[in-house]
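Written out below as structure tokens is the structure these notes cover.
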Amino acid sequence: MACFAVSPGARGGGVATSLLRAAVEFAFAHGAASVEGHPVDVSALHAGHAAPSAVFTGTLPMFLAVGFSEIGRTYPSRPVMRLTR
């Protein structure tokens, strides 16, 4: 998965979480043993919030809601998340 694009009027309604869930189901249905992502941990940002253009890889709560676990960080605000079948 590279990015999520949700129109401004649809943001905050769970669209990106639904897209992530569908992508995971697709990957597993096609033989993936695990799926990884690099969302943004907005709570770890100095400003405490991020512009919509900065969270195109998704947010930490979104990945947690789908069942991913954090396996490390590439930067304080960038967790590496993994979901294994």
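Nothing in this text is a laboratory measurement; each read-out follows from the coordinates by a stated rule. This one's a predicted model, so the numbers in the text were calculated from it and none came from an experiment. Methodologically, a virtual Cβ is constructed for each residue, glycine included, from the backbone with ideal geometry; neighbour enumeration extends over all protein chains shown.
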* To do: Kindly write out, for the stretch 57-67 in residue order, the coupling ³J(HN,Hα) from the Karplus curve 6.51 cos²θ - 1.76 cosθ + 1.60 (θ = phi - 60°), rounded to whole Hz, with x marking Gly and Pro.
  => 8, x, 10, 4, x, 4, 5, 4, 5, 8, x
* Asked: Given H placed 1.01 Å from N in the peptide plane, which residues other than close sequence neighbours of residue 78 have an amide H under 5 Å from its amide H?
  -> 41
* Among bridges DSSP assigns within the chain, what percent are antiparallel (round to 5)? -> 90 percent
* To do: Please state the charge dipole magnitude for the chain, taken about the Cα centre, from unit charges on C-beta atoms (+1 on K and R, -1 on D and E), reported in debye and rounded to the nearest 20.
  => 0 debye
* Asked: For the stretch 35-85, taking Cα atoms only, what is the radius of gyration to one decimal and the Dmax to the nearest whole Å?
  -> 10.5, 35
* To do: Quote the FRET efficiency, to the nearest 0.05, computed for residue 54 versus residue 21 with a Förster distance R0 of 30 Å and r equal to the Cβ-Cβ distance.
  => 0.85
* Computed from these coordinates, which is Rg/Rh (Cα atoms, Kirkwood Rh): (1) 0.96; (2) 1.00; (3) 0.93? -> (1)
